[in-house]
Amino acid sequence: MAIILNESQKGRFATDGYLILRGVFSGSEIAELRDAAAEILSRATRGAPGVGFDPWTKQPGDEVNPNRVTYLNDIFLMHERFDAHMRARALTQIFCDLYGPDINGFQSAAVIKTPQLNNDFHGWHQDAPDYVPLSNFKNGCAITYLHEMGPYTGGTSLVPRSHRDGVFERGYETVEGWPVKKRVIVGFEAYEARAAAPEFNSGDVLVFDSWLMHRANSNYTDESKIGLINVYQAKDCIDLKNRNAFGPANLPITRSGTVLSVEESSRLRDEETAERNVRG
């Protein structure tokens, strides 16, 4: 079922940089997505491209995530259920309401908080530094939560109204005893008091601007917690230096508000790429 944003919600997104939409996906839909995630997590192995693993231990994880995977890129290519999720009207209509009727893909991933994961190394950050330069600001992310997740159970913290203060310098700090450096936003101290850590239920969706300051929280439970990442942008939001190497880069998802099939997306991407090349 499509979520039609009202003017109040669109205004809140513009002001705060995010929206929390409750119960977007049903229990049966979440169960299907969990099953698909378990299938691909069971065969994920270290060294595979686009796959990250728990840096704290190489001990086995839980039944769903035995190899302690922490992220998977391009999941829409790994399972047809995730391609369908990327095209779900419940998600695409949100971005059509925010950015206009012609929406392209940008990223399709899963982020997994392994059992008892101290995720502080992931740190506060903006996504935009990895994306810019873009021709406009019409780029945003939707996280679909497959489990209940909160401040200490793998949820997402964020800083309201931080999305139009520019792209901040990213830093890395060495912490004694940690296997990796901690990612930080230089100058974050001025924003820390505004940070919020919402609770999410399975089926909820967090939509946020790619310039918003946020972080993925630690998971102090004994089960893996999974969030599905889908980043979209308007067709006229151009990747000016072709930095995006993800599979959905420049992939048409909707045209005139209509969700495209896999075949239509592929054909149209080829046509639009050829047109851009001709224009130089």
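Within the full protein context, the accessible area of K235 is estimated at about 90 Å² for a probe radius of 1.4 Å. Excluding ligands, DNA and RNA, the accessible surface per residue across region 43-106 is 44 Å² with a 1.4 Å probe. Going by the alpha-carbon gyration tensor, a ≥ b ≥ c the square roots of its eigenvalues, is region 45-119 rounded (a/c under 1.5) or, if a/c is not under 1.5, prolate (a/b greater than b/c) versus oblate? Prolate.
Please state the shape class of region 25-181: rounded when a/c is under 1.5, otherwise prolate if a/b exceeds b/c and oblate if not, all from the C-alpha gyration tensor. The shape class here is oblate. Label sites at S28 and D165, each approximated as a point 7 angstrom past Cα along Cα to Cβ, lie 4.5 nm apart. Around the Cα centre of region 13-124, unit charges on the Cβ atoms of Lys, Arg, Asp and Glu (plus for the first two, minus for the last two) sum to a dipole of about 240 debye. Inter-label distance, Q59 to D120: 2.0 nm, where each label sits 7 Å from its Cα along the C-beta direction. Couplings 3J(HN,Hα) for region 216-222, derived from phi with the Karplus relation 6.51 cos²θ - 1.76 cosθ + 1.60 (θ = phi - 60°), are 8, 7, 5, 10, 9, 10, 9 Hz, where x marks Gly and Pro. Excluding the site residues themselves, the longest part of the chain lacking any GluC sites (Glu not before Pro) in a DSSP loop with at most 14 other Cβ atoms within 10 Å is 64-168.
With a cut-off of 11 Å between beta carbons, the residues surrounding E148 carry a summed charge of -2, where Lys and Arg count +1 and Asp and Glu -1. Annotation: per residue accessible area for region 142-211 equals 47 Å², rounded to a whole number [probe 1.4 Å, protein chains only].
The mean sequence distance of close C-alpha pairs (under 8 Å, at least 6 residues apart), as a share of the length of the chain, puts its relative contact order at 29 percent.
Rg of the Cα atoms in the chain, relative to 2.2 N^0.38 Å, amounts to 0.97. Quick check: from the Cα gyration tensor, does region 88-202 come out rounded (a/c under 1.5), prolate or oblate? Oblate, since a/c reaches 1.5 and b/c is not below a/b.
Taking the Cα centre of region 70-192 as origin and assigning +1 to Lys and Arg Cβ atoms and -1 to Asp and Glu Cβ atoms, the resulting dipole is close to 180 debye. For the chain, the Cβ-based charge dipole about the Cα centre amounts to some 460 debye (Lys, Arg positive; Asp, Glu negative; other atoms uncharged). Rolling a 1.4 Å probe over the protein heavy atoms gives region 223-280 an accessible area of 53 Å² per residue. When W211, W56, W178 are compared by accessible area of protein heavy atoms, the largest-first order is W56, W178, W211, using a 1.4 Å probe. Look at where the Cα atoms of region 24-57 and of region 223-280 average out, and the two centres are 23 Å apart.
Taking every C-alpha pair closer than 8 Å and separated by at least 6 residues, the mean separation divided by the residue count of region 143-194 gives a relative contact order of 28 percent.
Cross-link check: pairs K10/K241; K181/K225; K138/K235; K138/K182; K113/K182 evaluated at a Cα-Cα cut-off of 19 Å; pairs beyond the cut-off: K10/K241; K181/K225; K138/K182.
As a fraction of the 1.4 Å probe accessible area of the chain, surface on carbon and sulfur atoms comes out at 50 percent.
The values are calculated or read from the model by the stated rules, or taken from the named source; none is laboratory data. It should be emphasised that the depicted structure is a prediction, and the values quoted were computed from it without experimental measurement. All Cβ positions, even for glycine, are placed from backbone atoms using ideal geometry, and neighbour counts span all protein chains on display. The protein model used for the area step is the full one, side chains on, heavy atoms only, and it has no ligands, DNA or RNA in it. Shrake-Rupley method; radii C 1.70, N 1.55, O 1.52, S 1.80 Å.
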